[in-house]
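Following: one structure in structure tokens, then a few remarks.
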Amino acid sequence: MSEERFGEFVLVRRHGHVAELALDRPKAMNAVSTGMARSLAAACAALGDDKDVRAVVLTSTHERAFCVGADLKERNSFSDADLVRQRPVARGAYTGVLELPVPTVAAVHGFALGGGFELALSCDVIVADRTAVVGLPEVSVGVIPGGGGTQLLPRRVGAARAAELIFTARRVEAGEARELGLVDLLVEEGRDREEALELGARMAANSPVGLRAAKKALRLGHGLDLRAGLEVEDAAWRSVAFSGDRAEGVRAFNEKRTPEWPGE
């Protein structure tokens, strides 16, 4: 397993074709500072360009928290001009995760609040252990979810449920979070990272060309009417139908062996 650090607070570990993107600011429970946001964006850009990466798992090195959201201690010292300057940097962290072209899995334990939960929502699948507490409490400090929460949460749970959660700013514990669809898989305490990495590995065993095209179709087609969505799907199918991965996949199936994906 190789490791690469992006800035002081973001660590990338390689597990074969799975990249683990670890939030590593334990002294602040992974609160997203300006520096951490820049590092997250840089790490995501590097991973997105790496054709050897087939899945990304977003984890935390803190024992009791995934991420508690924006660094409000840092924000407290900001002037209005500072806040304006920081906004595109902060957005870059969330869109960096959201726009990764490969499947993404979040491994959540402990607190995942505000921007922390938005980082998880930016992933395709959320695995949470029984210690997880999630929520978007931004209106309780005079702002709104600004890392994608007002758009990603209703796409998961519907407009009325998202409104209730955002307007009350309430925290939701793991069991209810699973029932409401705020997280996708609920696992035993302490197993979120392991289970998420195993899920990432199952995804990464498949065609890298197919995975990227399938994610693109899922993302671009969401919210379109069925006819338009099927056109998005057809375009994605055409982008893989004549690939080396498709030829290898069919050949391996007929020869009853594991494919050796060329990745093109």
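The values are calculated or read from the model by the stated rules, or taken from the named source; none is laboratory data. Everything quoted here is computed from the prediction, not taken from an experiment. Here Cβ is always computed from backbone atoms with ideal geometry, including for glycine, and neighbour counts include all displayed protein chains. Each accessible area value is taken on the protein alone, full model and side chains, heavy atoms only, with ligands, DNA and RNA left out. Shrake-Rupley method; radii C 1.70, N 1.55, O 1.52, S 1.80 Å.
Among the protein heavy atoms of segment 1-141, carbon and sulfur supply 52% of the accessible surface, probe 1.4 Å, non-protein parts ignored. Listed by chain and number, the aspartates and glutamates whose alpha-carbon sits under 16 Å from that of residue 27, ignoring those within fewer than 8 places in the same chain, are 8, 63, 71, 74. Here the relative contact order of segment 1-124, from alpha carbon pairs under 8 Å that lie six or more residues apart, stands at 28 percent.
Averaging the sequence gap over all C-alpha pairs within less than 8 Å and six or more residues apart, then dividing by the number of residues, gives segment 201-264 a relative contact order of 37 percent.
The alpha carbons of the chain give a radius of gyration and a Dmax of 18.9, 65 Å, in that order. Taking square-rooted eigenvalues a ≥ b ≥ c of the alpha carbon gyration tensor, is segment 138-226 rounded, prolate or oblate, where a/c under 1.5 means rounded and, failing that, a/b exceeding b/c means prolate? Oblate shape, in that a/c is at least 1.5 and b/c is the bigger or equal ratio.
For segment 68-169, the spread of Cα positions along the three principal axes, ordered from largest to smallest, is 37, 32, 26 Å.
Of the trypsin sites (Lys or Arg not before Pro) found in segment 123-179, those that fall in a DSSP loop while having at most 15 other beta-carbon atoms within 10 Å are 170. Each part reduced to its alpha carbon centroid, segment 38-98 and segment 135-164 end up 18 Å apart.
Under a model in which nothing but the beta-carbon of Lys, Arg (+1) and Asp, Glu (-1) is charged, the chain shows a dipole of about 300 debye around its Cα centre.
Straight-line cross-link reach from residue 215 at under 16 Å between alpha-carbon atoms covers these lysines, not counting any fewer than eight positions away in the same chain: 51. Which residue fluctuates most in the GNM of the chain (Cα springs below 10 Å): 58, 224, 153? In this elastic network of the chain, the residue with the biggest mean-square fluctuation among 58, 224, 153 is 224.
Give me the number: length gained by fully extending residue 168 to residue 84, i.e. 0.36 nm times residue separation minus the C-alpha to C-alpha distance, one decimal in nm. Between residue 168 and residue 84, full extension yields 27.6 nm more.
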